[in-house]
Amino acid sequence: MKARFVAPFGAPKNAGSDLEAFLAAVSETFPVQESRRRYLKEDVLTLWRDLTSERSLRFADYLGKPSALAAYVRYFMAWNVVRLVPVLAGLPLDPPEGATILDIGSGPLTLPIALWIARPDLRDRGLRILCTDRVRKPMESGAALLDALRLKTGGPVLGDGAWRVETRHAVFPDTGGPGKADVVCSANAFTEFFWSASARRDSNLGERAAVLLSDLAAACKPGGLLFIAEPGEPRSGAMLSALREAALLSGLRVESPCPHARACPMPGAFGGLGDRVDGKARSALPPVHSPKWRPKMPWCHFPVPLDTAPSALTRFSEEVGLPKERLTVSWLALRKPAVGDRAPEAEQKGPLRTRLVSDPIRLPGGWDGRYACSDLGYTLVVGAAAREGPGSLLDLDRPARISRDEKSGAVIAGP
Ligand SMILES: C[S@@+](CC[C@H](N)C(=O)[O-])C[C@H]1O[C@@H](n2cnc3c(N)ncnc32)[C@H](O)[C@@H]1O
């Protein structure tokens, strides 16, 4: 089977050194005396316990505490930047000169900082980076951090062609003003309230996704891009799959990572927004082949290569007792239609555009395999094409007939 490469997934060449520069900028912007280092490690562990506990129990403005913020930037933010860079590098993101990028739940500007590293070609584009958060202090510190990084890595900091950073204290869905942005984005913020006990009491997953979509779309210009990234956990996968279905049903286009506009074959715990059949929620989108039933259904998430992670970050994580052996991400990029745009097509024709998703697997007979997504549904790519990295987008030959892997239920593509 022939595979034509459409888009790789990975960080740009400058990422390794720019991530080192980011860590140096963190040390300058948030200096910690040697005698306080022990407390810093304890603060990271305390924050980790808070962040991984039931989210509704956490103090909403936790990043307003200086010790928590210093811990956040050194561990959580640093890994979030490593996680976001390859995703942002592969997005169809080409904001015009003067465009506004709105980052919701910006914290210490993690997403704009990751964008700076991921897209050096945008560094001298005069963009307005509008950051909003329910807590002001982390954004102010993040703006100083971005400035320090800009000085270390090149690109204008002042004047024409420089990014203009504005911060606004606002609790989403309020974005602090009526204006619409060319790009509306958010990283690691929506799971903070999407799954809260009160949100779950008031509405189901599909209803919450429809409201979130309408709030996001309201902040975006026609023709603009919406981008949401979350850690690759089951809840994020279900939330993003629900948001995707709500978006497609409202006429938005899915730009990434999905290679089609049919039902999501990896929705995790999300059933769908269609009619219930035998008491089960189903997708309202054209059907695809789903995985075989299992207690934990696959959710869409991607392993991120750890090769660009600075060794100092890896070392610090080990010292803290939270070594990072695996990093995963889930994301969704949507295009809001402009006047005259056609609705997305859901036809199964042409080459089989396939997004590799899982870690590699070894199949009987010594074949390489990787679970993937295509317009046929849950797909098992077998053979040489499965050796490309997770996140890669490939065009494969469309199988002449459907054969399915007995164990997983995936449609087999190749060899
Ligand atoms: C886990 S941090 C993520 C920060 C940053 N985006 C990152 O990726 O590292 C979540 C952020 O969302 C903010 N946040 C949570 N709920 C919010 C809301 N309803 N409106 C605005 N900001 C919110 C928090 O204050 C916090 O800064």
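The residue list ARG125, ARG208, ARG150, ARG168 contains one member that is free of Cβ contacts under 8 Å to residues at least 40 places away in the same chain, in a strand (DSSP E or B) and buried (at least 16 other Cβ atoms within 10 Å of the Cβ), which is ARG168. For ALA11, the conditions (1) over 22 Å from PRO138 (Cβ atoms); (2) without any contact (Cβ under 8 Å) to a residue 24 or more places away in the chain all hold with the exception of (2).
So that you can scan it fast, the table gives a plain yes or no per residue for (1) closer than 24 Å to ASP18 by Cα; (2) out of contact with any Cys (no Cβ under 8 Å at 6 or more places or on another chain); (3) not in a helix (DSSP H, G or I):
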site	(1), (2), (3)
LEU45	no, yes, no
SER67	no, yes, no
TYR75	yes, yes, no
ASP103	yes, no, yes
TRP116	yes, yes, no
GLU140	yes, yes, no
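Exactly one residue out of SER408, SER403, SER392 is outside the structural domain of LEU23 (by TED's automatic domain parsing) and closer than 30 Å to ALA217 by Cα, and it is SER392. Restricted to the stretch 172-199, and to residues that are away from the ligand (no atom under 11 Å from the Cβ) and buried (at least 22 other Cβ atoms within 10 Å of the Cβ), which residue is nearest to LEU225 (Cα to Cα)? The qualifying residue nearest to LEU225 (Cα to Cα) is VAL183. The criterion of at least 1 residues that are within 24 Å of the chain's Cα centre (by Cα) is met, among strands (runs of 3 or more DSSP E) falling completely within the stretch 304-415, by 328-335, 352-356, 368-374, 377-382, 393-396. Tallying residues that are touching a Ser or Thr at 6+ places or on another chain (Cβ under 7 Å) and of a type in the set (A, V, I, L, M, F, W, C) within the stretch 332-377 yields 5.
Within the stretch 141-148, identify whether any single residue is out of contact with any Lys or Arg (no Cβ under 9 Å at 6 or more places or on another chain), under 14 Å from VAL85 (Cβ atoms) and in the same structural domain as GLU97 (by TED's automatic domain parsing), and answer yes or no. No, that holds for no residue. When the residues of the stretch 105-114 are filtered to those that are touching a Phe, Trp or Tyr at 6+ places or on another chain (Cβ under 8 Å) and either in a loop (DSSP other than H, G, I, E, B) or over 13 Å from GLU166 (Cβ atoms) (or both), the one that is farthest from the ligand (Cβ to nearest atom) is ILE113. Hey, among the residues in the stretch 1-38 that are assigned to a loop (DSSP other than H, G, I, E, B) and in contact with a strand residue (DSSP E or B) (Cβ under 9 Å, 6 or more places away or on another chain), which one's nearest to VAL82 (Cα to Cα)? Per the stated criteria, the residue is PHE9. None of LEU216, LEU225 is surrounded by 23 or more Cβ atoms within 10 Å (Cβ to Cβ) and away from the ligand (no atom under 16 Å from the Cβ) except LEU225. Checking each residue in the stretch 288-310 for being more than 21 Å from VAL329 (Cβ to Cβ) and either buried (at least 18 other Cβ atoms within 10 Å of the Cβ) or not basic (Lys, Arg) (or both) picks out VAL288, HIS289, SER290, TRP293, PRO295.
THR100 falls short on exactly one of the conditions (1) among the β-branched types (Val, Ile, Thr); (2) within 14 Å of the ligand (Cβ to nearest atom); (3) at pLDDT 95 or above, and that condition is (2).
The values are calculated or read from the model by the stated rules, or taken from the named source; none is laboratory data. As the structure is a prediction and not an experimental result, all values here were calculated from the model. Quick reminder, even Gly has a Cβ in these numbers, built from the backbone with ideal geometry, and neighbours come from all protein chains shown.
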